[in-house]
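The values are calculated or read from the model by the stated rules, or taken from the named source; none is laboratory data. All values reported here derive from a predicted model rather than from experimental measurement. Don't worry about glycine lacking a Cβ; one is built from the backbone with ideal geometry, like all the others, and counts go over all protein chains shown.
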Amino acid sequence: MATNDAQADSAPKPEESANAPQQFEDGFSLKTILGALFIALFMLPGGMYLGLVAGQGVGDAAEWVTIVLFAEVARRSYQPLKKQEIYLLFYMAASLTTVINADRGLAGGPFSNLIWNAYFVQSPQAAPFAHQIPHWAVPMATSPAVSARMLWHPDWLYPILLLIVGEFLGRLSWMGMGYALFRMTSDVEKLPFPYAPVAASGATALSEAGTESWRWGIFSTGSVIGLLFGFVYIAIPVVTGTLFGKSFEIFPIPFADYTVKMQTIAPAAIVGFSFSLGNVLLGMVLPFEIVAGAMVASVIGMIVMNPILYHMKLLPNYRFGSDAIMAKISTDMDFWLSVGIGINLAIAILGIGLVVKTLASSRRTKAESKFTLSPPPAGRGDVPIWIALGAWIFATTVLILLSKYLVPGFPLWILLFFGFLWSPINSYISARMIGLSGRGISFPYIKEASIVASGYQRVDVWYAPIPLPDHGAMAQRFREVELTGTKFTSIFKAEMLMLILLLPASFLFWSFFWNGNALPSAQFPYAQRFWPLQAQTAAVLQQINLPHDGGSNWFAAAIKPLYIVGGTVSGLLIYGLFALLKLPMLSFYGFAGGLGLFPANTIPQFIGAWFGKKHLAKKYGQENWARYAPVLLAGFSCGTGLMSMFSISLALIAKAVAKLPY
């Protein structure tokens with residue numbers, strides 16, 4: 001990085017105002033089509049493997065590598081990429097390589113969900129009700145489609161058709177409702193969306209990759225660090241797992257677990273430490289208040305409170321000898337699940353209160369109380385609002401009819417309530433909260449509570465495509481697109497292109513990968529460690545509406561109304577305390593979200609946040625460091641991703657050769 005003497009020359013220049021008038025241009029071109037093809041063919045399989053090994057995708061690596069490669073080729077061809085093309089490459093790389101379920105480490109497109117269902121239907125956790133899991137969700141455990149790991153088997157026909165329909169309708173739904181929410185919250189109510197300018201400026205800054213700018217120097221430094229760390233943390237386990245059938249880990253993946261060693265001193269305390277350098281760098285990027293709040297909450301909850309709760313006999317399911325995963329399951333079911341529901345309810349109450357307060361305040365101002373939908377800016381690529389709402393209504397209607405067809409015994413009124421009342425109201429509240437504070441809201445277990453209250457007593461309802469999405473975050477996505485000067489029609493076309501590319505690529509890569517590898521296994525440390533935990537949680541949830549013949553319902557026992565009320569009251573009191581002490585509200589949201597996190601991850605994140613704030617920010621200047629840190633993390637992610645994809649490619653080649661008959 002730059003020294004103090006050279007800081008004046010290398011420091012970033014002030015950015016243009018995020019609200020400056022934009023010249024909107026189409027970013028969808030042959031270059032972006034080729035970029036999407038490159039991501040689908042080369043980045044997607046790397047993300048699959050990396051997710052199973054380390055629980056993370058190649059999102060940042062995919063974004064940077066694709067943009068650097070295409071920008072360099074375009075520059076040498078004397079056809080440099082436009083800012084809008086760069087943003088669209090960024091957008092598609094982030095979308096195509098996203099980790100669909102971070103807790104399970106599942107990347108590689110929508111077919112990863114079918115792989116999970118295939119694992120779950122065979123798992124011991126699902127054994128009591130596996131015969132009830134519908135064939136349109138996953139073939140029976142005895143089918144060759146599952147036992148022989150053949151995704152192309154005819155028994156997968158119905159699950160695949162349902163998946164394709166769901167992917168298409170899901171995109172149609174979020175684009176329609178998300179656009180309508182954007183028009184209301186951004187164009188009409190003029191909400192600030194505080195995080196949208198940050199995301200937009202970060203995306204457009206990628207255009208400087210490959211030049212002699214300060215960003216390129218920091219990015220290169222991060223890439224070298226990432227390459228070295230990726231060799232130790234990812235490449236060695238992947239290569240040794242391929243060659244010897246068992247991974248050799250220099251640094252434990254996902255973290256070093258000291259829970260058992262500490263049980264005599266602090267029973268039920270979940271103690272560990274992640275040696276992933278990515279956690280440290282992530283802490284440097286995230287707001288310090290959020291990281292500090294999350295760390296304090298996780299340490300208080302998992303390390304300090306758990307032994308106290310154990311001695312108070314409030315953790316009856318905890319057993320000595322339990323590692324961090326098993327201890328987390330038991331303590332969550334005994335105490336923290338209900339308290340967490342209460343905390344989330346408190347955040348939801350605060351969010352609704354903020355929305356009501358803001359609306360009431362706006363009505364007192366004549367300029368803001370006039371809610372008229374004025375014509376959109378010329379050239380932005382807007383569509384008539386009735387088309388957007390019509391697309392959402394069509395997608396929601398089809399999902400309701402499909403759910404009713406697949407689960408005929410489930411009450412239709414609940415489906416209608418979810419699709420046409422709860423989802424749009426919740427999405428609007430969430431969009432306003434994001435527009436005002438950068439954070440949405442969630443109402444935990446609304447689906448689970450409704451299913452139990454309905455009296456429906458079969459497992460198939462958990463696999464039905466019930467329309468219950470929260471589209472609030474999509475309003476900010478459209479705001480980011482607007483700030484980059486990219487036409488909205490570019491995003492619509494990109495989404496359709498990604499759907500066309502993603503479905504066959506995901507099918508082909510998962511078919512090849514799953515057929516050659518048992519999942520989970522010792523070759524995939526993250527999946528081997530966390531999939532049983534996720535299967536246990538899924539099994540508990542999917543049994544809450546089943547008749548139990550006098551037996552105990554673990555989830556019903558875990559949902560303790562008194563603890564939920566206590567969590568709600570505690571959340572509101574903590575918010576009041578933060579307000580009374582005039583502490584940053586970001587610290588409160590970090591604290592509320594950190595109660596359910598592993599201290600093994602939050603502690604190194606705090607170390608990174610503290611080191612960045614106390615040392616690096618002073619050395620380079622607060623504003624400069626705020627710009628340096630994301631680029632350094634992106635370079636690190638790129639280097640780690642490159643090393644990961646190199647080792648993964650060797651592993652995939654080895655698996656392919658192992659299948660050959662000679």
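Scan region 398-412 residue by residue and report those that are more than 29 Å from the chain's Cα centre (by Cα) and either in a loop (DSSP other than H, G, I, E, B) or touching a residue at least 60 places away in the same chain (Cβ under 8 Å) (or both).
Across region 398-412, the qualifying residues are Pro408, Gly409, Phe410, Pro411.
Conditions tested, residue by residue: (1) under 19 Å from Met496 (Cβ atoms); (2) crowded, with 17+ Cβ neighbours inside 10 Å; (3) at pLDDT below 95; (4) touching a strand residue (DSSP E or B) at 6+ places or on another chain (Cβ under 9 Å).
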| position | (1), (2), (3), (4) |
| --- | --- |
| Gly109 | yes, yes, yes, no |
| Tyr119 | no, yes, yes, no |
| Gln125 | no, yes, yes, no |
| Gln132 | no, no, yes, no |
| Ala137 | no, yes, yes, no |
| Ala148 | no, no, yes, no |
| Trp152 | no, no, yes, no |
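Applying the selection to region 91-100, what residues are surrounded by fewer than 24 Cβ atoms within 10 Å (Cβ to Cβ) and not in a loop (DSSP other than H, G, I, E, B)? Steps first, answer last, please.
So in region 91-100, the residues surrounded by fewer than 24 Cβ atoms within 10 Å (Cβ to Cβ) come out as 94-95, 98-100.
Selection gives Ala94, Ser95.
Residue-wise test of (1) at pLDDT 80 or above; (2) part of a helix (DSSP H, G or I); (3) within 26 Å of Pro599 (Cβ to Cβ).
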| position | (1), (2), (3) |
| --- | --- |
| Pro192 | no, no, no |
| Phe231 | yes, yes, no |
| Val239 | yes, yes, no |
| Lys246 | no, no, no |
| Ile250 | yes, no, yes |
| Ile253 | no, no, yes |
| Gln263 | yes, no, yes |
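How many residues, within region 128-152, are closer than 23 Å to Trp462 by Cβ, in contact (Cβ under 8 Å) with a residue 12 or more places away in the chain and not small (Gly, Ala, Ser)?
The number of residues fulfilling the criteria is 12.
Quick check: is even one residue across region 320-333 closer than 30 Å to Lys614 by Cα, free of Cβ contacts under 8 Å to residues at least 60 places away in the same chain and aromatic (Phe, Trp, Tyr)?
Filtering region 320-333 down to residues closer than 30 Å to Lys614 by Cα leaves none.
Looking for residues that are closer than 30 Å to Lys614 by Cα, free of Cβ contacts under 8 Å to residues at least 60 places away in the same chain and aromatic (Phe, Trp, Tyr), one finds none in region 320-333, hence no.
How many residues are under 16 Å from Leu546 (Cβ atoms) and assigned to a helix (DSSP H, G or I) when one looks only at region 130-149?
At the first step, the residues of region 130-149 found to be under 16 Å from Leu546 (Cβ atoms) are 130-134.
Applying the additional criterion that residues be assigned to a helix (DSSP H, G or I) yields 130-132.
Residues that pass the stated criteria total 3.
Among the helices (runs of 4 or more DSSP H) contained in region 584-651, which hold 1 or more residues that are hydrophobic (A, V, I, L, M, F, W, C) and either modelled with pLDDT under 85 or within 30 Å of Leu44 (Cβ to Cβ) (or both)? Give the derivation first.
Numbers: elements: 585-594, 599-611, 617-620.
Ranges flagged: 585-594, 599-611.
If I ask for residues that are farther than 30 Å from Pro408 by Cα, assigned to a helix (DSSP H, G or I) and β-branched (Val, Ile, Thr), which ones from region 451-503 would you list?
Val481, Thr489, Ile491, Ile500
Every residue, every condition in (1) of a type in the set (S, T, N, Q); (2) surrounded by fewer than 20 Cβ atoms within 10 Å (Cβ to Cβ); (3) farther than 24 Å from Ile133 by Cα, yes or no:
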residue: Pro408; (1), (2), (3): no, yes, no
residue: Gly435; (1), (2), (3): no, no, yes
residue: Tyr456; (1), (2), (3): no, yes, no
residue: Ala473; (1), (2), (3): no, yes, yes
residue: Ile491; (1), (2), (3): no, no, yes
residue: Leu508; (1), (2), (3): no, yes, yes
